[in-house]
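Have a look at the structure below before the remarks.
The values are calculated or read from the model by the stated rules, or taken from the named source; none is laboratory data. These numbers come from a predicted model, not from an experiment. In this analysis, Cβ positions are derived from the backbone assuming ideal geometry, glycine residues included, and neighbour counts consider all displayed protein chains. When the accessible area is computed, the model is the full protein with side chains, heavy atoms only, and any ligands, DNA or RNA have been set aside. Shrake-Rupley method; radii C 1.70, N 1.55, O 1.52, S 1.80 Å.
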Amino acid sequence: MRMTAIISEYNPFHNGHLYQAKIARQETDADLIVAVMSGTFTQRGEPAFTDKWTRARAAVASGEIDLVLELPFYFAVQRADRFSLGGVTIAEVIGASTLSFGSECGEIEPFIAAAAENQEAHPRYQELLQLGLARGLSSAAAASQAFKAMTTTLDLTTPNNTLGYYYARAASTISLHTTKRIGSGYHDLSVGDIMSATAVRAHYAHHRSLTGLPKQTAEALQNSVFTSFDVYYPFIRHRLLTTPLDDLTQFNGMDASLVPRLVEGARKNDSFESFLSAVKTRRYTRTSIQRTLIYLLTSTTKQEMYGLSFDQIDFVRPLAFNDKGRQALREIKQRIPVISTFEKHPWLIKESQVTAAYAVPLARYDVLEEHRRFAYFSGKSSK
C-alpha cells in the first residue's frame with residue numbers, strides 16, 4: 001500500500017488543506033494519505049483551536065485524509081528544525097513513500113538543492129548567525145537573514161518554505177513532494193473560499209461561525225469547544241506570580257534573564273495580548289515566548305527535554321482513521337508498535353499531563369482525559 005504522509009496541525013482542517021491533500025494523492029499516486037498531526041498544542045506554542053481527537057475526526061471526515069497519527073508533544077511544540085525532524089521520523093518509520101507539504105515556492109527542486117548545500121555547516125553562515133544574534137535578533141530571524149545572505153536557491157523568509165527546507169534536511173528514505181500554497185498566506189486574515197487557519201480562527205473569534213472549511217469538516221466540528229490563549233492566561237499568570245524565580249528557571253525555555261521579565265509582565269497585565277506585547281523583544285519573539293509558556297503550563301522541565309532524540313520514536317498512535325487507514329495500520333504494525341489505547345509509556349503519561357493542562361481551563365477534563373479517548377473510526381465496520 002503506497003502511503004503519502006503530510007505533517008500537519010489542521011488547526012482546523014480547511015479548504016486549503018483539502019486542496020493540498022487532493023493534489024498530493026493525485027501527483028504521488030498514493031493509495032492513502034496519512035497525516036502526522038500535532039496534538040493539543042501547536043508548533044508555534046498555541047493551544048489548538050479544539051482538541052486533537054475532534055481535529056483528527058474532522059480531517060478524516062473530509063474524505064481526503066485516511067489516517068491521522070499523533071505527533072507527540074515533545075516533537076510538536078518545538079522550533080522548526082526539531083518539529084520537522086520529528087514529523088519526518090514518523091513518516092519514514094511507518095513506511096510512507098512520499099512526504100508532501102505545501103509551500104510558497106511550489107517546486108520541489110529548490111528544497112532539495114538548498115538542503116544539499118548544507119549552509120549551516122559553512123563558517124560564513126555561523127559568522128552571520130552570530131552577528132544577527134549579537135544584534136538582538138531571535139535565533140529564527142538570525143538564521144533567516146544568514147540564509148538570505150548566502151543563497152538564492154530558496155526563500156527561507158516564508159513559514160512554509162522554511163518548514164519544507166527542514167523536511168528536506170531531515171528526509172532520509174522518503175521522497176519529497178510539494179504543492180504551491182494558494183489563497184491566503186499564513187498571517188493573512190482575509191475571508192474567502194481558501195483561507196489560512198489563522199483567518200479561520202480569527203473569523204470565529206469575531207463572528208462565532210466557521211467559514212472556509214469543507215462541508216464534511218464543518219459538520220464534524222459542530223458542537224465542538226473552541227479555545228484561544230486568553231482562556232489559559234489566568235492559569236499561566238497564576239504560576240508566574242506564585243512560583244519562586246529559581247523554580248521557574250527549571251522549566252524549558254526559561255532563562256535567567258527572561259524569567260523576571262515574564263513575572264513583571266504578569267504582574268502588570270490583565271490580558272494575554274497586553275502581557276505578550278510587554279514582554280516580547282527581538283530576542284524573545286512571540287513564538288518563542290508562547291512555547292515557553294506552554295512548557296510552563298504543562299510543567300515541562302529542561303531536564304525532561306535534555307537528551308531527547310528527535311529522530312527516534314518507538315511507537316505511533318492513531319487518532320482517527322477510515323477503512324483504508326485501518327488497512328494501513330495493519331501494515332504499520334509490522335514496522336513499529338501501534339498504541340491504540342492508553343498505556344503507561346512515558347510519552348503517553350506526558351500526553352496525559354498535557355491534555356489535563358489543555359482541558360482543565362475549559363472545564364472539560366472528564367471528557368478529554370487521555371485514557372478515556374480512543375481513535376475515531378469512520379469506516380463501515382469496527383471488526
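Averaging Cα coordinates gives a centre for segment 266-341 and one for segment 52-114; these two points are 14 Å apart.
Counting only lysines at least 8 places from Lys268 when in the same chain, those with an alpha carbon closer than 17 Å to its own are Lys280.
For segment 231-283, trypsin sites (Lys or Arg not before Pro) are listed when DSSP marks them as loop and at most 16 other Cβ atoms sit within 10 Å of their Cβ; the list is Arg282, Arg283. Summary of packing: across the peptides 211-223, 332-344, 314-326, the per-residue average of other C-beta atoms within 10 Å ranks them, highest first, as 314-326, 211-223, 332-344.
Of Met254, Met305, Met37, which has the largest mean-square fluctuation in a 10 Å C-alpha GNM of the chain? Fluctuation is largest for Met305. Rolling a 1.4 Å probe over the protein heavy atoms of the chain, with every protein chain left in place, gives an accessible area that is 49 percent carbon and sulfur. Is the C-alpha gyration tensor of segment 279-371 telling us rounded, prolate or oblate? Criteria: a/c under 1.5 is rounded; beyond that, a/b larger than b/c is prolate, otherwise oblate. Judged from the Cα gyration tensor, segment 279-371 comes out prolate (a/c at least 1.5, a/b above b/c).
Only Cα pairs under 8 Å and 6+ residues apart enter the sum, and on that basis the relative contact order of the chain stands at 23 percent. Near Thr179, the amide H atoms lying under 5 Å from its own belong to Phe101, Gly102, Ser103; only residues 5 or more places off or on other chains count, and H is placed 1.01 Å from N. Considering only DSSP beta bridges whose two residues both sit in the chain, what percent are antiparallel, to the nearest 5? Beta bridges within the chain, antiparallel portion: roughly 20 percent. Could you tell me the center-to-center distance, by alpha carbons, between segment 12-39 and segment 152-166 in angstrom? For segment 12-39 versus segment 152-166, the Cα centre distance is 20 Å.
Of all aspartates and glutamates in the structure, the ones whose alpha carbon falls short of 18 Å from that of Lys333, not counting any fewer than 8 places away in one chain, are Asp31, Asp66, Glu70, Glu92, Asp314, Asp323, Glu343.
Quick one: net charge of Pro346's neighbours, Cβ under 12 Å, K/R +1, D/E -1? Neighbour charge sum, excluding Pro346 itself: -2. For Lys380, the lysines whose Cα falls under 16 Å of its own Cα, not counting residues fewer than eight places away in the same chain, are Lys324. Rolling a 1.4 angstrom probe over the protein heavy atoms with all chains in place gives the chain an accessible area of 44 Å² per residue.
Of Tyr167, Tyr233, Tyr365, which has the largest mean-square fluctuation in a 10 Å C-alpha GNM of the chain? Sorting by GNM fluctuation, first place goes to Tyr365.
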